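Undergrad: Have a look at this one.
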Amino acid sequence: MLAEPLRTKVWEIADSYYSKHDWAHGRSHIERVLKMAIEIGKQERADLEIVELAAILHDIFQNREAHASIEGFRHETEGSKEVRKILAKLGLADRTVDAVCHCIESHRKRSGRTEPQTIEAKCLFDADKLDCIGAIGTIRSTFVSFDHKQEFYKEVDDIEAYRRRNIRQDGTIIDSALHSSNLEYELSLKAVANRMYTETGRRLAKERAAFMDEFYDRLGKEMKGTM
């Protein structure tokens, strides 16, 4: 774990990037991912200093990507570059900086350009994905829909046609206004539990995924008036 003076400094820096009012990707999300990443890290015998640094800093450019609508801007890639500068200024060893940056570069489920190679990166990936599913994931999905002025629930006649029309090959969304919470579930969140890298993550994901599956199944029936 981090020494307290370093932890305090890292959080001071992180707070300059994260919104306190963004429940999906702001400070509250970071705190939840941090707790889960540390717990997974303990079970998986990871380097908890690497895990903690990566968890605190992993989404510093997510808000910039979400609201910029710039094709090709990827928060995990650009965020890793920024974190490298931050940690270098703090005087951390090159080995530590490299390890943390790899965690951040490989934490994203939607693109998967860089696969997690280290146990620390796998712990961060799983912790971040656990926050996408279950009760918390359902609330976060709602928050994102409202934040992007989407309909919460939208029926499409052909979901694969919608995927071709509005989802890029890397999984990013072309026109966010056409998306919705249930479409995000169908095209992305439904598969999250099967992408866990650690045994601990797989165990925790199973129950959360079952809750989310039941929620969206019931939501669809209620929206169609069949329940």
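Undergrad: Within the range 108-227, considering only helices (runs of 4 or more DSSP H) that don't extend past its boundaries, which have at least 3 residues that are closer than 23 Å to Val51 by Cβ and open to solvent by less than 50 Å² (accessible area, probe 1.4 Å)? Working first, answer last.
TA: Numbers: elements: 119-130, 134-147, 159-166, 181-187, 199-223.
Per the criteria, 119-130, 134-147, 199-223.
Undergrad: Take the residues of the range 49-79 that are closer than 14 Å to Ser106 by Cα and of a type in the set (Asp, Glu): which is modelled with the lowest pLDDT?
TA: Glu76
Undergrad: Let me ask something else about it. Kindly evaluate Asp217 against the criterion of being modelled with pLDDT of 95 or more, of a type outside the set (S, T, N, Q) and more than 30 Å from Gln43 (Cα to Cα).
TA: Values: modelled with pLDDT of 95 or more: yes; of a type outside the set (S, T, N, Q): yes; more than 30 Å from Gln43 (Cα to Cα): yes.
Yes; evaluated as a whole, the condition is true for this residue.
Undergrad: Further question on the same structure: Identify all residues within the range 86-111 that are at pLDDT 95 or above and of a type in the set (D, E, K, R); write none if there are none.
TA: Passing the criteria: Lys89, Asp94, Arg95, Asp98.
Undergrad: Of all residues in the range 1-11, how many are surrounded by fewer than 19 Cβ atoms within 10 Å (Cβ to Cβ) and within 21 Å of the chain's Cα centre (by Cα)? Break it down stepwise before answering.
TA: In the first step, residues of the range 1-11 are kept if they are surrounded by fewer than 19 Cβ atoms within 10 Å (Cβ to Cβ); the result is 1-9, 11.
Still in the running and within 21 Å of the chain's Cα centre (by Cα): 11.
The qualifying residues number 1.
Undergrad: Just one of the numbered conditions (1) closer than 24 Å to Ser181 by Cα; (2) outside any loop (DSSP other than H, G, I, E, B) is not true of Gln43; which one?
TA: Status for Gln43: all satisfied but (1).
Undergrad: Right, another one. What single numbered condition from (1) of a type in the set (A, V, I, L, M); (2) within 12 Å of the chain's Cα centre (by Cα); (3) not in a helix (DSSP H, G or I) fails to hold for Ile104?
TA: Result: Ile104 passes all but (3).
Undergrad: When residues of the range 90-107 are filtered for being open to solvent by 20 Å² or more (accessible area, probe 1.4 Å) and among the hydroxyl-bearing types (Ser, Thr, Tyr), how many remain? I'd like the intermediate steps shown before the answer.
TA: Step one: of the range 90-107, the residues open to solvent by 20 Å² or more (accessible area, probe 1.4 Å) are 90-95, 98-99, 102, 105.
Narrowing the set further to residues that are among the hydroxyl-bearing types (Ser, Thr, Tyr) leaves none.
Going through the range 90-107 one residue at a time, the tally reaches 0.
Undergrad: Quickly run through the range 14-46 and pick out the residues that are over 19 Å from the mean Cα position of the chain (by Cα) and crowded, with 17+ Cβ neighbours inside 10 Å.
TA: If the condition is that a residue be over 19 Å from the mean Cα position of the chain (by Cα) and crowded, with 17+ Cβ neighbours inside 10 Å, then Glu44, Ala46 are the ones that fit.
Undergrad: Only one of Lys129, Lys122 is modelled with pLDDT of 95 or more, closer than 23 Å to Ile174 by Cα and within 14 Å of the chain's Cα centre (by Cα); which? Outline the logic, then answer.
TA: Working: Lys122 fails: closer than 23 Å to Ile174 by Cα.
Exactly one residue qualifies, and that residue is Lys129.
The values are calculated or read from the model by the stated rules, or taken from the named source; none is laboratory data. Just so it is clear, the structure is predicted and the values come from calculations on it, not from any experiment. Positions of Cβ are backbone-derived with ideal geometry, glycine not excepted, and every protein chain shown enters the neighbour counts. Note: areas computed on protein heavy atoms with side chains; ligands, DNA, RNA excluded. Shrake-Rupley method; radii C 1.70, N 1.55, O 1.52, S 1.80 Å.
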